[in-house]
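The values are calculated or read from the model by the stated rules, or taken from the named source; none is laboratory data. Everything quoted here is computed from the prediction, not taken from an experiment. Glycine also receives a Cβ, built like all others from the backbone with ideal geometry; neighbour counts cover every protein chain displayed. Each accessible area value is taken on the protein alone, full model and side chains, heavy atoms only, with ligands, DNA and RNA left out. Shrake-Rupley method; radii C 1.70, N 1.55, O 1.52, S 1.80 Å.
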Amino acid sequence: MFHFLWLVVTELFPILFIFMGWYIRTKHSQYPEFTVGYITEFSTLNNNTWLEGNRFCGEMLELSGILSSMLTLVLYIFKNSLFQYTIYFTAFICLFSVFYTEVHLRRVFHNDGHLKSKY
């Protein structure tokens, strides 16, 4: 019974990440109004950085939620002893996706927010 309750709890977080990713990607606020979305100093430089930051962070959160959910189910089904650590993995994946969004924005845009050329 304990393992089933732990499965329910550990599956709630990936589902929450999937929902948050979808919401940030599709329902973020418009550019000068920063109430909902991926809000960092770099992502709020201009409309392009705002849109790309929300799109990329949303996709990363959705992907991390799907991967965490699949890992949790696989470890639960095969009764792996690492199952109890899946909540830590889920938190790490979420934080990594936010960090990687900043890396992505800096690869795509100059420090002033203008798009880098692809050449």
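Accessible surface for the range 1-65, divided over its residues, is 58 Å² per residue with a 1.4 Å probe. Label-to-label distance for Y100 and N48 is 2.4 nm, based on points extended 7 Å past Cα in the beta-carbon direction. Summary value for the range 16-119: 30 percent relative contact order, contacts being C-alpha pairs under 8 angstrom separated by 6+ residues.
Around L115, what is the net charge, scoring Lys/Arg as +1 and Asp/Glu as -1 over all other residues with Cβ under 15 Å from its Cβ? Walk me through the numbers on the way to the answer.
Working: positive: R55, R106, R107, K116, K118; negative: E52, D112.
It works out to a net charge of +3.
Distant-in-sequence amide contacts of F109, defined by a placed amide H-H separation under 5 Å and a gap of 5 or more residues or a different chain, comprise K116. For the listed peptides 27-36, 51-60, a ranking on the average number of other beta carbons within 10 Å per residue, highest first, reads 51-60, 27-36. Among the protein heavy atoms of the chain, carbon and sulfur supply 70% of the accessible surface, probe 1.4 Å, non-protein parts ignored.
Per the Debye calculation on the range 1-58 with a single equal scatterer at every Cα and no solvent contribution, log₁₀ I(q)/I(0) for q = 0.24, 0.31 Å⁻¹ amounts to -0.84, -1.16. In terms of Cα atoms, the Rg and Dmax of the range 1-107 work out to 15.8, 51 Å.
Amide H contacts of Y31 (H built 1.01 Å from N, in plane; Pro and chain starts excluded): no residue 5 or more places away or on another chain comes under 5 Å.
Any chance you could list the semi-axes, whole Å, largest first, of the equivalent ellipsoid that the Cα gyration tensor gives for the range 28-67, using √(5λ)? Mind showing how you got there, number by number?
On the way: eigenvalues 80, 17, 11 Å².
Those come to 20, 9, 7 Å.
Straight-line cross-link reach from K79 at under 18 Å between alpha-carbon atoms covers these aspartates and glutamates, not counting any fewer than eight positions away in the same chain: E11.
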